[in-house]
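Report on the following structure.
The values are calculated or read from the model by the stated rules, or taken from the named source; none is laboratory data. Bear in mind the structure is a predicted one, so any value in this text is a computation, not a measurement. In this analysis, Cβ positions are derived from the backbone assuming ideal geometry, glycine residues included, and neighbour counts consider all displayed protein chains. Heavy atoms of the whole protein, side chains included, go into the accessibility calculation; ligands, DNA and RNA do not. Shrake-Rupley method; radii C 1.70, N 1.55, O 1.52, S 1.80 Å.
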Amino acid sequence: MTRTAVLALVAGLALAACSSGAATNSELGTIEPGVLKVAIQPYAPYTDYKDRQLTGLDSEILTAVAARLNLKVQPEVTDFAGMLAGVQSQRVDITIGGVAWSADRQKQGLFTDPPYYSPPAMAVKSGKTYRTVPDLEGLRLGTVEGYVWVKSIQAVPGAKLQAYPDGNGVIDDLGAGRADVGFLDPLIIIAAQKARPDLGLQTQYLTPPTDADVKAKPEYEYFRSYMTSFYLPKQATALEAAISKEIRAMYASGEMTKLVQKYGGEPEQFLKPAAHIAPLRRGVDRPADWAPPTI
């Protein structure tokens, strides 16, 4: 082979590389090419960072997606408010772990398609039973500052909102009898039951309010199942589309089912959207015919 032919071959290979992974990588528009900067909070079993390793359900989903997109994940540990602020100020490419889709949040950022859905779980002391929203009236209801349940709790007649910096505060006060019900993501409650059986906590699922209930009190929306999604800056349209595509591929391959089961979730609850889910985003940040991913 002549020197000219060799150079032509090398150039051709370089062009081919650019037309596949490398081009896709450069077109994703991350802050640093080839790197996916992600803000997380210590929120096991959804997200955590120990021994220079990301762990948790959301972390494993994002790691799998990033590998498909030829991106190296670079974590930044903060708190929930810092996660949202990091995205909205474009200091990070994405945040994951307990970020629920809401009409207000989507005005300031982009949400991927949901990697899973979160049923309305409650942590309560064993022996106590709460089934409907009226059962919550007059109770001390705990959740984390900034979480979507804050507005829902504030709308319950007579209920006292107790907001905490993190989920540990909710669990501690429930165990000590200083709160009656804790609204947290379900895997948090399941993990706390296993790790701290001495607290005598159990998981219950609230009977979701009807469409008529939510129409009368829109704040009750988050007493129903909701979309947990990954959150990106408003400008990151190409990156959001690429990640959403990979999320759907993980549903189709069965990989999402295996990951949910690994962390104690039930695929029928976590990976099948309720009827009210799709209309929330249709015509808002998704097309009018959008169908949420499902198994």
For region 28-38, in residue order, the Karplus 3J(HN,Hα) values (coefficients 6.51, -1.76, 1.60; θ = phi - 60°; whole Hz; Gly and Pro = x) are 6, x, 5, 4, 10, x, x, 10, 10, 7, 10
Please list the non-local residues whose amide H lies under 5 Å from the amide H of I31, H modeled 1.01 Å from N, same-chain partners needing a gap of 5 or more.
K37
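Please work out the FRET efficiency for the pair E27 and A195, using the Cβ-Cβ distance as r and a Förster radius of 30 Å; give the result to the nearest 0.05.
Details: r = 43 Å, r/R0 = 1.43.
For E27 and A195, the calculated efficiency is 0.10.
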Return the sequence-ordered ³J(HN,Hα) values of region 96-113 in whole Hz as given by the Karplus equation 6.51 cos²θ - 1.76 cosθ + 1.60 applied to θ = phi - 60°, using x for Gly and Pro.
9, x, x, 8, 7, 5, 8, 4, 5, 5, 5, 5, 10, x, 10, 10, 6, 4
Name the lysines eligible as straight-distance cross-link partners of K272: C-alpha to C-alpha under 20 Å, and not fewer than 8 places from it in the same chain.
K245, K258, K262
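Work out which helices of the chain, taken as complete DSSP H runs, extend at least 20 Å along their axis over the Cα atoms and score a mean Kyte-Doolittle of 1.6 or more, then list them.
Working: long enough: 3-19 (24 Å, 1.79); 237-253 (24 Å, 0.28).
The qualifying helices are 3-19.
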Relative contact order of the chain, pairs being alpha-carbon contacts under 8 Å that are 6 or more residues apart, as %:
23
Here, trypsin sites (Lys or Arg not before Pro) of region 146-234 satisfying both criteria (DSSP loop; at most 10 other Cβ within 10 Å) are none
Under a Gaussian network model of the chain whose springs join Cα atoms within less than 10 Å, the largest fluctuation of P197, P33, P115 belongs to P197
Given that just one value was derived from the coordinates, which of (i) 29.5, 105; (ii) 19.7, 77; (iii) 21.2, 85 is Rg and Dmax of the Cα atoms in Å?
(iii)
So what is the accessible area of the chain per residue, in Å², with the probe set to 1.4 Å?
46
Using a Förster distance of 25 Å, the FRET efficiency for A288-Q235 (Cβ separation, nearest 0.05)
0.55
